[in-house]
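Engineer: Take a look at this one; I'll ask things after.
The values are calculated or read from the model by the stated rules, or taken from the named source; none is laboratory data. None of the values given here were measured: they were computed from a predicted structure. Here the Cβ positions follow ideal geometry from the backbone for every residue, glycine too, while neighbour counts run over all protein chains shown. Quick note on the areas: whole protein, heavy atoms, side chains included, nothing else; ligands and nucleic acids left out. Shrake-Rupley method; radii C 1.70, N 1.55, O 1.52, S 1.80 Å.
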Amino acid sequence: MSATETAGAGRVVRVTVADIARLHADGHRIPTVTAYDYPSARLADEAGIPLILVGDSLAQVVLGYETTVRISLDEMVHHTRAVVRGTRRALVVGDMPFLTYARSDDALAAAGRFLREGGAQAVKVEGGRRTAPVVEALVRNGIPVMGHIGLTPQAINAIGKVRVQGKTKDQARTLMADALAIAEAGAFAIVLELIPEQLAAAITERLRIPTIGIGSGPGCSGQIQLFTDLLGLTIDHLPRHSRQYLRLHESIAEALRAYAADVEAGAFPGDAETVRMDDAVLADVLGRSALDRAADGTLVDGGLIPLDRDL
Ligand code: KIV
């Protein structure tokens, strides 16, 4: 059974880390996307995406923070719950926020919240050799982990700005060592962000676990993109490595302008969006039925609703 099939009797089976390993071993490239809420998760899940990340990019693209450093564990768990509710099949990975995994004890507590409260099946952590002991502790405690090296946005204040990582000999060697350390520590997959394509391909060749690339070329075992970038919901800036498969922000703006114009013109709601009731029932409620008329047809009490009428 492939990772995207259903079990007998129409029961949908959730993808596991073993399924991801099998997809990789069978030579399938692994499409991965971020999701941040119930509708984005449902759409990704129903499209058959096997791996969904509740990325802490949520901070910027949904919550309007300047960097991912600002988002809290509570916020991430809250959104993870919504994503999990929106999925039946995909493996959901929760992104551990800044400073929640600097020490193994903290990491276990935070990851426990993603799995227990959020319903995720795995977590992701940024960093190479320095993070390997944490990966090992999580995996030893039954928590599947995805690594993340190259550009690590939680370190943006140290890095200075978003830029390709690993172009020099030293940086490339460091990244190779980081990837091997994370794989050795037991991660089931590793994100390679903004790494030159030849280096990303070389790392991919050396590892048995799948590499999931973003801005790291086609030689990775899978690709990840932000839901908002793929669908053109990004308003301000589209990274060079992204491809917009839709330009939703334009369609949405157009739809909202049309709606506003219809409301202003009295064209919305129309008959199709409106419910009517029996006019006789309303006349009765308003004290305007036959019972409320004098013999000459005039309304008693000036047509006011009778006080003794059971409303
Ligand atoms: O937070 C995120 O969306 C990510 C992806 C870019 C891999 O970490």
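Engineer: At least 3 residues that are open to solvent by less than 50 Å² (accessible area, probe 1.4 Å), of a type in the set (Gly, Ala, Ser) and at pLDDT below 95 in each: list the strands (runs of 3 or more DSSP E) lying fully within segment 148-256 that qualify. Please lay out each step first, then the result.
Structural biologist: Details: elements: 189-193, 211-214, 222-225.
Correct list: empty, since no element meets the threshold.
Engineer: Something else: Restricting segment 118-132 to residues that are more than 18 Å from the chain's Cα centre (by Cα) and within 14 Å of the ligand (Cβ to nearest atom), which is surrounded by the most Cβ atoms within 10 Å (Cβ to Cβ)?
Structural biologist: Start the filter on segment 118-132 by keeping residues that are more than 18 Å from the chain's Cα centre (by Cα), which leaves 127-132.
When the remaining residues are screened for being within 14 Å of the ligand (Cβ to nearest atom), the result is 127, 131.
On the way: Gly127: 20, Thr131: 25.
Looking at residues that are more than 18 Å from the chain's Cα centre (by Cα) and within 14 Å of the ligand (Cβ to nearest atom), I get Thr131.
Engineer: Taking Ser72, is it surrounded by fewer than 16 Cβ atoms within 10 Å (Cβ to Cβ) and in contact (Cβ under 8 Å) with a residue 12 or more places away in the chain? Reasoning before the result, please.
Structural biologist: Details: surrounded by fewer than 16 Cβ atoms within 10 Å (Cβ to Cβ): yes; in contact (Cβ under 8 Å) with a residue 12 or more places away in the chain: yes.
For Ser72, the condition - surrounded by fewer than 16 Cβ atoms within 10 Å (Cβ to Cβ) and in contact (Cβ under 8 Å) with a residue 12 or more places away in the chain - is met.
Engineer: Taking Val135, is it open to solvent by less than 10 Å² (accessible area, probe 1.4 Å), away from the ligand (no atom under 15 Å from the Cβ), at pLDDT 95 or above and out of contact with any Leu (no Cβ under 9 Å at 6 or more places or on another chain)? Break it down stepwise before answering.
Structural biologist: Working: open to solvent by less than 10 Å² (accessible area, probe 1.4 Å): yes; away from the ligand (no atom under 15 Å from the Cβ): yes; at pLDDT 95 or above: yes; out of contact with any Leu (no Cβ under 9 Å at 6 or more places or on another chain): yes.
Yes, satisfied.
Engineer: Inside segment 183-205, can you point out the residues that are more than 14 Å from the ligand (Cβ to nearest atom) and touching a residue at least 24 places away in the same chain (Cβ under 8 Å)? Steps first, please.
Structural biologist: Here is the first cut: in segment 183-205, the residues more than 14 Å from the ligand (Cβ to nearest atom) are 183-186, 188, 196-199, 201-205.
Selection gives Ala183, Glu184, Ala185, Gly186, Phe188, Pro196, Leu199, Ala202, Ile203.
Engineer: Here is a further query. Being closer than 22 Å to Ile49 by Cβ and touching a Gly at 6+ places or on another chain (Cβ under 7 Å) is the filter here; which residues of segment 195-212 pass it?
Structural biologist: Ala200, Thr204, Pro210, Ile212
Engineer: Applying the selection to segment 9-45, what residues are open to solvent by less than 30 Å² (accessible area, probe 1.4 Å), more than 16 Å from the ligand (Cβ to nearest atom) and not aliphatic (A, V, I, L, M)?
Structural biologist: Listed by number, the residues that qualify are Asp19, Asp45.
Engineer: Let me ask something else. Quick one: what pairs do we get from segment 214-243, first residue under 18 Å from Thr68 (Cα atoms), second of a type in the set (Phe, Trp, Tyr) and near the ligand (Cβ under 10 Å from one of its atoms), C-beta under 7 Å, 6+ apart or different chains?
Structural biologist: Listed pairs, sorted by first residue: Phe227/Tyr36.
Engineer: Oh, and also: Within segment 46-77, take every residue that is in a helix (DSSP H, G or I) and away from the ligand (no atom under 14 Å from the Cβ) and give me the one that is nearest to Val92 (Cα to Cα).
Structural biologist: Kept after step one, since they are in a helix (DSSP H, G or I), are these residues of segment 46-77: 46, 58-61, 68-70, 73-77.
Okay, now just the ones that are also away from the ligand (no atom under 14 Å from the Cβ), so 46, 73-74, 77.
On the way: Glu46: 14, Leu73: 16, Asp74: 17, Val77: 12 Å.
Out of the qualifying residues, it is Val77.
Engineer: Just to be sure, is Asp95 of a type in the set (Asp, Glu), in the same structural domain as Asp19 (by TED's automatic domain parsing) and open to solvent by 60 Å² or more (accessible area, probe 1.4 Å)?
Structural biologist: No, not satisfied.
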